[in-house]
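The values are calculated or read from the model by the stated rules, or taken from the named source; none is laboratory data. The structure displayed is predicted, hence computed values, not measured ones. Quick reminder, even Gly has a Cβ in these numbers, built from the backbone with ideal geometry, and neighbours come from all protein chains shown. Remember, those area values only see protein heavy atoms, side chains included, never the ligands or the DNA or RNA. Shrake-Rupley method; radii C 1.70, N 1.55, O 1.52, S 1.80 Å.
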Amino acid sequence: MKALFILLLAQLCSASLVPEREKDPEYWRRQAQETLRNALRLQRLNQNVAKNLILFLGDGMGVSTVTAARILKGQLHGQGEESLLEMDKFPFVALAKTYNTNAQVPDSAGTATAYLCGVKANEGTLGVSAGVTRDRCNTTKGQEVTSILRWAKEAGKAVGIVTTTRVTHATPSAAYAHSANRDWYSDGEMPPDALEGGCKDIARQLVENIPDIEVILGGGRKYMYPRNVSDVEYPHEEKQRGTRLDGRNLVQAWREAKPRGKVAEYVWHRRGLLALNLTRVDFLLGLFEPGDMMYELDRNNDTDPSLSEMVSVAIRMLQKNPRGFFLLVEGGRIDHGHHEGKAKQALHEAVELDRAIGLATRLTSTQDTLSVVTADHSHVFTFGGYTPRGNPIFGLAPMQSDVDRKPFTSILYGNGPGYKIVAGERENVSAVDFAHADYQAQSAVPLRQETHGGEDVAVFARGPMAHLLHGVHEQNYIPHAMAYAACIGSNRGHCNAAAHPATPLLLPFLGLLLLLLC
């Protein structure tokens, strides 16, 4: 009876939350008609050649995360469910199937190989075909596959990588590395047989495989320095020290690999990044933490740049190339927040990624820039509980369980570290600070780390040839569609016609002119 009363009270409260304009049926009809007009305008397809390509990757940003981030963004700005993310404004939306060749529920390495290299791969492997077995160095040779970043570089474009994880993490490293194990960040993490077999660690490949990447921004300093070398920012913390066994300073090696006369700048501090005169910089490496960068909610605004700030610098750097650019932008710590069961951290990371998307939109043109937003995989993250309109996204459901008679938060996980039993029963969340940034939402199954989800992820697209992303696709289709739009890579038979779209119309007139001249 009490639960029914609470539900009725919630329904009464939610009725008062309905904006007056939404009570008028004409409001919804006008909105639908405007949406219809916008949809009809999309029939005039943008078939320009894409000068610039930007791929935004929200690591772990499944559809439930997108929806919850939209509500959070709205609530941060005095709105709510009706608000729009920047990615919501992209006119074309598709779904991508994320499974790895050997996994129904994928990991970030096999998926990164798909959406960057155009080839599906085994779980845990990077930039190689499914002929490579994880951890088996001797299966790698001859199985390497190249990425859209390399295709863009070979076409003369500038290229860049921006991430909130370490720059050697799964997502960014698939753009430049080939590895039988995603965790081989430096040679200090590699087993002896892999080193003896001639396999290279990922940090070394970052410096050597494509030495002319114009922009690299993120975390991961410790993998670039010899073991036990103190970190510049945390000199007294042992876990932040260098990890390399070969004694190499890869930051110095990165500098030395640049052509004579070119300016290569390395920065590790936000002030250093924002103070750069980009007109005088040819190559930029920024490593702002020993490992992954801090969560946005925990970020030190004095020392660490935001994702938006890094994207702004990257685009302004890359725009100097008259042939255009390819930029990979990863909101990588959405995934980490979910793994830790910390939904508040994950959703604020997603909102910051969306802020970066909006900034990039303002710095570029949809006439020559194809922007794609997607995720590598989902998570077992959900929110529900019949919450009323305007309910705080991190708040309680308006009802108690009709089984254990305890309240529950709207946000829950299918599994993860939030599983807690107190005195033989589910923890009473009203006794804890469930709105705290590090609160671990309750889960159904106890695990130290919450797992990925296996459902399809959304793909949002805007700009030249964005309509090629239109239905349900295999995830490895994404870089092929982007390369087609930019006339890079192997599939370029259409490019002359694309560059001169009026030519077919002129052919009959040219033929008649030739007859008259003869």
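Data overview
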{"item": "Charge-dipole axis of region 153-228 as Lys and Arg at +1 and Asp and Glu at -1 on Cβ define it, positive-most pick from Leu217, Pro192, Val207", "result": "Leu217"}
{"item": "Vicinal HN-Hα couplings computed from phi for region 82-96 (Karplus, 6.51 cos²θ - 1.76 cosθ + 1.60; Hz; Gly/Pro x)", "result": "7, 5, 10, 6, 4, 5, 5, 7, 5, x, 10, 9, 10, 10, 10"}
{"item": "Residues whose placed amide H lies under 5 Å from that of Gly124, excluding near-sequence neighbours", "result": "Asp107, Ala109, Gly110"}
{"item": "Area of Met399 that stays accessible when all protein chains are in place (1.4 Å probe, Å², to 10)", "result": "50 Å²"}
{"item": "Normalised contact order of region 380-463, rounded percent, pairs of Cα under 8 Å and 6 or more residues apart", "result": "30 percent"}
{"item": "Reachable lysines from Lys200, criterion Cα separation under 29 angstrom, eight or more residues apart if same chain", "result": "Lys120, Lys141, Lys153, Lys157, Lys222, Lys239, Lys258, Lys262"}
{"item": "Packing-based order for 168-175, 113-120, using average beta carbon neighbours within 10 Å, highest first", "result": "168-175, 113-120"}
{"item": "Surface share of carbon and sulfur [accessible, 1.4 angstrom probe, percent] for the chain", "result": "55 percent"}
{"item": "Percent of C-alpha pairs per 5 Å bin, region 174-240, short to long", "result": "3, 15, 24, 22, 17, 13, 4, 0"}
{"item": "Rounded accessible area of His178 (nearest 10 Å², 1.4 Å probe)", "result": "40 Å²"}
{"item": "Debye log10 I(q)/I(0) at q = 0.08, 0.10, 0.12 Å⁻¹ for the chain, Cα point scatterers", "result": "-0.55, -0.83, -1.14"}
{"item": "Relative contact order computed over region 119-247 (Cα-Cα under 8 Å; 6+ residues apart), in percent", "result": "24 percent"}
{"item": "Whole-Hz ³J(HN,Hα) from phi, Karplus 6.51 cos²θ - 1.76 cosθ + 1.60, for region 299-306, glycine and proline x", "result": "4, 7, 5, 7, 9, 10, x, 7"}
{"item": "Under 5 Å, built H, 5+ apart or other chain: amide partners of Glu214", "result": "Val159"}
{"item": "Rounded to the nearest 10 Å², the accessible area of Trp254 at probe 1.4 Å", "result": "10 Å²"}
{"item": "Residue-averaged [θ]222 nm for the chain, counting only DSSP H segments that reach four residues, each worth -39500 (n - 2.57)", "result": "-9000 deg cm²/dmol"}
{"item": "Net charge, Tyr99 excluded, C-beta distance under 14 Å - Lys, Arg +1, Asp, Glu -1", "result": "-4"}
{"item": "Reach of Lys89 by Cα under 20 Å, taken over lysines that are not fewer than 8 positions away in the same chain", "result": "Lys73"}
{"item": "Largest to smallest accessible area among Asp246, Asp402 [probe 1.4 Å]", "result": "Asp402, Asp246"}
{"item": "Reach of Lys420 by Cα under 27 Å, taken over lysines that are not fewer than 8 positions away in the same chain", "result": "Lys2, Lys342, Lys344, Lys406"}
{"item": "Shape call, region 143-289: gyration tensor on alpha carbons, a/c limit 1.5", "result": "oblate"}
{"item": "Region 196-274 shape via C-alpha gyration tensor axes, a/c threshold 1.5", "result": "oblate"}
